Amino acid sequence: MISRPQLDTIGDRIETGTYTLHSRFRRTANYTAGSRLITLSRSSADRGPLTITLHTSRLPDCRKLIIEPGQITIDSQKIPVPGTSIYDSRLPPMGTFAQSSLDSCRQVLFRESPPGGMVHALKNDSHPESKSAVEQAVIQRLKAGYGLILAGRVIRGARALRGVGNGLTPSGDDMIAGFMWGLHAVAASSNIDVKRFCRRILKTVQGENPISNQAFIMAYNGWFPAGMKSLVTALAKGNKTATVHATRSMISRGALSGSDICAGFLAGIAFAGTPRSTV
């Protein structure tokens with residue numbers, strides 16, 4: 001007999017309503033209500049603004065979630081939501097990041113990211129002769145989109161990256177979300193109107209992939225999942241050990257998503273700190 005799941009956290013940006021099953025995986029399941037998507041997870045590492053995490057060894061076989069003030073219903077099981085279980089996706093006040101901390105993050109990212117995706121495309125040790133024509137085309141599109149962003153043509157770069165790559169959330173989409181999170185992380189010390197700028201990016205990249213759209217919406221609003229929040233906090237404190245740990249934790253997220261998000265995150269921070277006239 002499977003024990004009744006216990007609530008760990010519920011995201012602070014989850015709206016009330018009835019959500020139906022969209023997709024299910026070993027550790028997580030996604031549910032939609034109209035254009036909104038939320039995630040149910042059995043891992044506390046997945047805590048985030050649009051995620052419900054449970055203390056359980058196995059996700060319940062649930063086709064419907066009902067979110068109400070003070071409680072959630074998983075099929076017929078009503079679970080109370082105490083205030084202490086609400087995940088806070090806001091960042092605490094941040095100062096500037098030391099370049100040495102950013103370098104530590106980048107070094108781990110480029111050294112330990114798995115093959116494929118944005119980081120692999122940006123490495124100088126790629127061997128085109130060992131890749132298929134399709135893989136080479138993806139790498140070139142990722143490089144081209146990233147290059148546009150570095151050149152200050154962010155909207156064109158985001159348009160070029162949208163949907164590029166494999167998986168539930170393509171590498172290009174993850175990179176774009178990470179870029180917006182990076183802008184928000186340094187918003188207090190940047191002269192960019194981050195909200196307005198991210199709104200332009202969001203309008204450019206939103207499409208038919210609800211899972212990518214979920215990340216875009218979180219990043220646009222500056223709502224930080226736990227993994228990203230830990231990385232930002234470690235960078236702000238200048239703690240190299242914590243930065244390395246948080247970067248490795250992000251790399252472990254999904255097949256490539258975590259490393260692709262980090263690549264975009266670092267690009268966003270770099271962009272915000274460089275005077276630009278073209279977007």
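Can you confirm whether THR53 is in contact with an Asp or Glu (Cβ under 6 Å, 6 or more places away or on another chain) and either more than 16 Å from GLU68 (Cα to Cα) or assigned to a strand (DSSP E or B) (or both)?
On the way: in contact with an Asp or Glu (Cβ under 6 Å, 6 or more places away or on another chain): yes; either more than 16 Å from GLU68 (Cα to Cα) or assigned to a strand (DSSP E or B) (or both): yes.
So THR53 fits the description; yes.
Which residue pairs have Cβ atoms under 9 Å apart, sit 6 or more places apart or on different chains, and have a first residue in segment 108-129 that is farther than 12 Å from ILE251 by Cα and a second that is at pLDDT below 85 and of a type in the set (Asp, Glu)?
Note: pairs meeting the criteria are GLY116/GLU135; PRO128/GLU135.
For LEU202, all conditions in the list (1) in contact (Cβ under 8 Å) with a residue 40 or more places away in the chain; (2) part of a helix (DSSP H, G or I); (3) more than 11 Å from the chain's Cα centre (by Cα); (4) surrounded by fewer than 23 Cβ atoms within 10 Å (Cβ to Cβ) hold save one; what is the number of the exception?
Of (1) in contact (Cβ under 8 Å) with a residue 40 or more places away in the chain; (2) part of a helix (DSSP H, G or I); (3) more than 11 Å from the chain's Cα centre (by Cα); (4) surrounded by fewer than 23 Cβ atoms within 10 Å (Cβ to Cβ), only one is false for LEU202: (1).
Taking only segment 47-79 into account, find how many residues are surrounded by fewer than 21 Cβ atoms within 10 Å (Cβ to Cβ), farther than 17 Å from THR32 by Cβ and in contact with a strand residue (DSSP E or B) (Cβ under 8 Å, 6 or more places away or on another chain).
7
For segment 13-49, how many residues meet the condition of being part of a strand (DSSP E or B) and not small (Gly, Ala, Ser)?
The number of residues fulfilling the criteria is 15.
Residue by residue through segment 257-274, note down the ones that are touching a helix residue (DSSP H, G or I) at 6+ places or on another chain (Cβ under 6 Å), among the polar types (S, T, N, Q) and over 17 Å from LYS143 (Cβ atoms).
SER257
The values are calculated or read from the model by the stated rules, or taken from the named source; none is laboratory data. The shown structure was predicted, so the numbers you read here are calculated from the model rather than taken from an experiment. Using ideal geometry, Cβ is built from the backbone for each residue, glycine included, and neighbour counts are taken over all protein chains shown.
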